[in-house]
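The values are calculated or read from the model by the stated rules, or taken from the named source; none is laboratory data. Note that the structure is a prediction, hence the values are computed from the model and not measured. Don't worry about glycine lacking a Cβ; one is built from the backbone with ideal geometry, like all the others, and counts go over all protein chains shown. Just the protein is used for accessible areas: all its heavy atoms, side chains included, with ligands, DNA and RNA removed. Shrake-Rupley method; radii C 1.70, N 1.55, O 1.52, S 1.80 Å.
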Amino acid sequence: MSNIKLDITKAACFLEKGAVEAFEPKVKAAQEALENGTCPGNDFLGWLHLPSSITPAFIDELQACANTLRVNCEAIVVAGIGGSYLGARAVIEALGNSFAWLVNDKNNPTILFAGNNIGEDYLFELTEYLKGKKFGVINISKSGTTTETALTFRLLKKQCESQRGKEEAKKVIVAVTDAKKGAARTCADKEGYKSFIIPDNVGGRFSVLTPVGLLPIACAGFSIKELVAGAQEMEKVCGKDVPFAENPAAQYAALRNGLYQNGKKIEIMVNFQPKLHYFSEWWKQLYGESEGKDLKGIFPASVDFTTDLHSMGQWIQEGERTIYETVISIEEPEKKLLFPSDEENLDGLNFLAGKRVDEVNKMAELGTQLAHVDGGVPNIRISVPRLSEYYLGQLIYFFEIACGISGNILGVNPFNQPGVEAYKKNMFALLDKPGYEDESKAIKERLA
């Protein structure tokens, strides 16, 4: 099978000749620091060789659990926030039917996502939708106390037990959590839930190839074996001994740091397939949390083309030249649809009659690239043969290893996220959470 391909020619041309190659020593040092565990955040490097460590027996165990949920549930709610849901949703949305809500699919349960917000209307509508339905829950939280997820799980646990009975509910509630500690682990052990472990050395945004992502993806009916196989192949392609010029992750990390040093502060992830919307959301968390610290970091943004060409396209074409684009291009769609002819031709589009819709889309993609490059926007292109589990596995590992290398070049710890805690402390103080008495007093005086 072929692999995803990286084309940097339309971006490297915005830098001085040899600028990308000049990063080779830094890339080599960064990748060696990852391999040797000498970089900042070295206690969170479990993702680095995770694909090659996944055994067929482990995949079988996950699949068996998924099969139990699939047989016993009309709907499965994945409760998690950040890395605890974005990876799974990225893959499921990319491979699933775009109109899943409207399709009466007798073969697959409806996969729902919750625990990623505190919207009362959202949660009310979710609980209303689940009334009378046989549903299960995958509760994904290392601590079990993350507010958004814990609040949602409490609601869903009560409802599931009420609708199915406590004993039957135990069979369709699964915990993905810490091996030994935390509220979610205590609850799982006490209730007798089937559980899977989130490895201590894998941070949330790098966890899609752990049970955090693999279990929900398997529940949706997709091949986690193929997903892992794709990641395993990319682990080899981006290995530390692969020459710099042949290593796509090394090239990508070098180029984006070169562009950053030349004033390109915003990276826009572009897709021309709406199914990739949530893949961009996963990518934004991966790079935003990894690099946005110490007053440094490229700001990760995303657009869905051609839709957003009619909104953000103007800014991209003629706005401040602090941006560059990374385009994920799917070579071959899964379905075929021909453009019809029309006798009256009122819209003037008969010149497209008989063409595949994807051919029109591809010309929009090429035309956009030409226009944006002419407008001063560097363009990176990642070509993907098909939108399948195998190639999504490749994309996931490619972006993960490139992120680790890029963060090390930037000089930050790519594996922590201290800034995420700031809002939580304020929220707990405002809610008068026990243990936050001093903070509550101080913040209320400040607001007064």
Problem - Cβ-Cβ under 9 Å pairs, at least 6 apart or on other chains, region 287-301 side among the β-branched types (V, I, T), far side open to solvent by 80 Å² or more (accessible area, probe 1.4 Å) - result: I298/K265
Handout entry: Condition met for P248 (surrounded by 22 or more Cβ atoms within 10 Å (Cβ to Cβ) and within 27 Å of D105 (Cα to Cα))
Key = no
Completion exercise
Residues in region 318-334 that are under 26 Å from G375 (Cβ atoms), open to solvent by 50 Å² or more (accessible area, probe 1.4 Å) and touching a Ser or Thr at 6+ places or on another chain (Cβ under 9 Å) total 1
Practice task
Return the total of residues in region 266-293 being closer than 23 Å to G367 by Cβ and among the acidic types (D, E).
Solution key: 1
Practice task
Please work out which residue is surrounded by the fewest Cβ atoms within 10 Å (Cβ to Cβ), limiting yourself to region 61-117 and to residues that are small (G, A, S), at pLDDT 95 or above and in a helix (DSSP H, G or I).
Solution key: A64
Exercise for the section: Evaluate the following for V202: is it in contact (Cβ under 8 Å) with a residue 24 or more places away in the chain, open to solvent by less than 10 Å² (accessible area, probe 1.4 Å) and hydrophobic (A, V, I, L, M, F, W, C)? Expected result: yes
Completion exercise
S195: passes all of (1) without any contact (Cβ under 8 Å) to a residue 24 or more places away in the chain; (2) open to solvent by less than 10 Å² (accessible area, probe 1.4 Å) but (2)
Completion exercise
Considering residues that are more than 17 Å from G83 (Cα to Cα) and crowded, with 24+ Cβ neighbours inside 10 Å, the number found within region 411-428 is 0
Practice task
Run down T186, T177, T210 and say which single residue is out of contact with any His (no Cβ under 9 Å at 6 or more places or on another chain) and surrounded by fewer than 21 Cβ atoms within 10 Å (Cβ to Cβ).
Solution key: T186
Exercise for the section: Answer yes or no: is there a residue in region 152-166 that is in contact (Cβ under 8 Å) with a residue 12 or more places away in the chain, in contact with a Ser or Thr (Cβ under 8 Å, 6 or more places away or on another chain) and not aliphatic (A, V, I, L, M). Expected result: yes
Exercise for the section: Would you check which residues across region 366-410 are among the charged types (D, E, K, R) and either at pLDDT below 95 or open to solvent by 20 Å² or more (accessible area, probe 1.4 Å) (or both) and list them? Expected result: D374, R381, R386, E389
Practice task
Using the structure shown, decide if K275 is touching a Gly at 6+ places or on another chain (Cβ under 9 Å), among the basic types (K, R) and either assigned to a loop (DSSP other than H, G, I, E, B) or at pLDDT below 95 (or both).
Solution key: no
Problem - Qualifying residue in region 261-272 (condition: buried (at least 20 other Cβ atoms within 10 Å of the Cβ), part of a helix (DSSP H, G or I) and among the aliphatic types (A, V, I, L, M)) - result: no
Handout entry: Residue that is farthest from L86 (Cα to Cα), among those in region 213-253 that are charged (D, E, K, R) and part of a helix (DSSP H, G or I)
Key = E246
Practice task
Of the numbered conditions (1) open to solvent by 10 Å² or more (accessible area, probe 1.4 Å); (2) among the acidic types (D, E); (3) not in a helix (DSSP H, G or I), E289 fails exactly one; give the number of that condition.
Solution key: (3)
Problem - Answer residue from region 142-166, given it is open to solvent by less than 30 Å² (accessible area, probe 1.4 Å) and under 20 Å from D200 (Cα atoms) and is farthest from the chain's Cα centre (by Cα) among those - result: G144
Fill in the blank from the handout: In the set A30, A57, A22, the lone residue that is surrounded by 22 or more Cβ atoms within 10 Å (Cβ to Cβ), in a helix (DSSP H, G or I) and either of a type in the set (G, A, S) or in contact with a Cys (Cβ under 8 Å, 6 or more places away or on another chain) (or both) is A30
Completion exercise
Of the residues in region 33-43 that are under 19 Å from F399 (Cα atoms) and part of a helix (DSSP H, G or I), the one that is most open to solvent (accessible area, probe 1.4 Å) is N42
Problem - Residue match in region 335-347 (condition: open to solvent by less than 40 Å² (accessible area, probe 1.4 Å) and either of a type outside the set (D, E, K, R) or at pLDDT below 95 (or both)) - result: no
